[in-house]
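This report concerns only the one structure given below.
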Amino acid sequence: MEKRLANEDNYPPSNGAKAMKTALITGISGQDGAYLSQLLLAKGYRVAGLVRRSSNAEKAVERLRWLGLEREVGLVDGDLTDLSSLIRVLAKLRPDEVYNLGAQSFVALSWQQPILTGEVTGMGAFNMLEAIRLLEMKPRFYQASSSEMYGLVQAPLQSETTPFYPRSPYAVSKLAAHWITVNYRESFGMHASSGILFNHESPLRGIEFVTRKITDGVARIKLGLATHLDLGNLDAARDWGHARDYVKAMWLMMQQEVPGDYVVATGRSVTIREFCSLAFGHAGLNHQDYVRVNPAFFRPAEVDCLKGDASKARETLGWVPEITLEELAAEMVEADLRRLRQP
Ligand code: NDP
Ligand code: GDR
């Protein structure tokens, strides 16, 4: 089978239709990058993604392949920590929209690699914005901000006006990236928007994140491949949505005449324990029989409870989440059962 490798010779891609706009996605190999590619291709965009060199180029297209899109997008070599690569890629592609999704995105790891996290998750956004400014280009810019910025929450329901209190090197880095996005908008008139997205999951979620770890664990236990599942703090609560819904909000932000910042959330917050109950329940299992608390997964500083107020996104963008948490958990468990049953 022909493989689309991370090589600029693969550009420009063909999606079979006359391209309307060109979008550049950093983090295209990640969960959101895959779903955003799917959405933009369906809208007739030419989609290009920045990928890091890896000894295993197949990894970069794994999620795109899951969605049947690995031949539909163009992959260009680059790294958010390398300003010169961003300048080269922007000058070559001249995108209409830039979605900056690339990050070291695993909160727990950010205590072990705080400097790398700062350089990629924080400075990466500085680099991309600066590359755009130096080239005097005018693409619309989306920054993947995070509900983690609220951290030790200052209000029970978090909106765009709630003060931030980051609780991890990841969240501190995201906050820097968020404010530089606001600052370049205010300083240079850039069409730069920041989506403050609450947790969103899918079958394409990385296995290290708690929802996917749980649904993979459920599938393993169901199929007799494991006897239990070790987790950390079961009392933390998150406002979980589906990634497919959330990438729509990103695109909608880029279509507004006026850039801005938007909270994207469902407004429903449930504990890890409740998510376990849903996921195990979907497979006909009782989570209390299988889940063990292992302090090795506790974090040095925890974000106890997040719950977002997405009124602005609803009123301005017309965005509402369509997939319920029950549907999300069921889809993830089914996908993991299918994966593990494959030879
Ligand atoms: P993933 O972890 O699935 O994907 C992260 C992406 O960033 C991968 O494509 C990864 O590439 C890429 N990347 C990592 N380091 C670099 C680098 N140095 N240069 C270029 N690219 C790099 O994240 P998600 O898809 O879940 O999230 C997308 C973005 O949204 C992230 O910025 C995340 O922090 C943020 N976010 C996510 C939320 C969620 O709930 N999913 C909520 C709020 C914000 P590689 O494959 O090579 O590792
Ligand atoms: P989060 O997601 O830190 O919210 O960041 P994660 O799924 O890693 O943790 C959510 C909560 O679950 C608790 N938890 C565990 N977490 C993991 N990973 N593994 C466990 O075994 C476990 N047990 C309990 C955690 O303590 C935490 O409270 C995600 C990422 O996608 C970020 O990039 C993004 O910005 C935020 O969501 C919004």
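The values are calculated or read from the model by the stated rules, or taken from the named source; none is laboratory data. Small disclaimer: the values here were computed from a predicted structure and weren't measured. Counting neighbours? That spans all protein chains shown, and the Cβs are built from the backbone with ideal geometry, glycine included. All accessible areas refer to the heavy atoms of the entire protein, side chains included, with ligands and DNA or RNA removed. Shrake-Rupley method; radii C 1.70, N 1.55, O 1.52, S 1.80 Å.
Does the stretch 26-158 classify as rounded, prolate or oblate by the C-alpha gyration tensor (a ≥ b ≥ c root eigenvalues; a/c under 1.5 gives rounded; else a/b over b/c gives prolate, otherwise oblate)?
Numbers: a/c = 1.44, a/b = 1.28, b/c = 1.13.
Judged from the Cα gyration tensor, the stretch 26-158 comes out rounded (a/c under 1.5).
Tell me the label-point distance for the pair Arg71, Leu134, using the 7 Å Cα-to-Cβ offset, in nm and rounded to one decimal.
Going from the Arg71 label point to the Leu134 one covers 3.8 nm.
Please go through the residue pairs Lys138/Lys312; Lys59/Lys213; Lys21/Lys312; Lys213/Lys248; Lys92/Lys307 and name each one whose alpha carbons sit more than 29 Å apart in this structure.
Working: Lys138/Lys312 25 Å; Lys59/Lys213 19 Å; Lys21/Lys312 26 Å; Lys213/Lys248 25 Å; Lys92/Lys307 41 Å.
Result: Lys92/Lys307 exceed 29 Å.
Considering only protein heavy atoms, what is the solvent-accessible area of Met190 at a probe of 1.4 Å, reported in Å² to the nearest 10?
Rounded to the nearest 10, the figure is 30 Å².
Apply the Karplus curve 6.51 cos²θ - 1.76 cosθ + 1.60, θ = phi - 60°, to the phi angles in the stretch 315-324 and return the couplings in whole Hz, x for Gly and Pro.
Taking θ as phi minus 60°, the curve returns 6, 8, 9, x, 8, 9, x, 10, 9, 7 Hz for the stretch 315-324.
Of the listed peptides 144-150, 164-170, what is their order by residue-averaged count of other C-beta atoms within 10 Å, with the highest listed first?
144-150, 164-170
For a quick check: with amide H placed at 1.01 Å from N, whose amide H comes under 5 Å from Cys305's, ignoring anything fewer than 5 positions away on the same chain?
It is Val153, Ala237, by chain and number.
Calculate one ³J(HN,Hα) per residue across the stretch 289-302 by plugging θ = phi - 60° into the Karplus curve 6.51 cos²θ - 1.76 cosθ + 1.60, and present them in order as whole Hz with x for glycine and proline.
7, 10, 8, 10, 8, 10, x, 4, 9, 6, 9, x, 9, 9
In Å², and per residue, what accessible area does the chain have when probed at 1.4 Å with the other protein chains present?
43
Filter the DSSP H helices in the chain by two things, a Kyte-Doolittle mean of at least -0.5 and an axial alpha-carbon span of 27 angstrom or more, and list the hits by number. Walk me through the intermediate numbers first.
Details: long enough: 169-188 (28 Å, -0.05).
Qualifying helices: 169-188.
Quick one: with all protein chains in place, what share of the accessible area of the chain is carbon or sulfur, to the nearest percent (1.4 Å probe)?
Its accessible area is 51 percent carbon and sulfur atoms.
Of Ala131, Ala243, Ala296, which is the most mobile in a GNM of the chain whose springs link Cα atoms less than 10 angstrom apart?
Ala296
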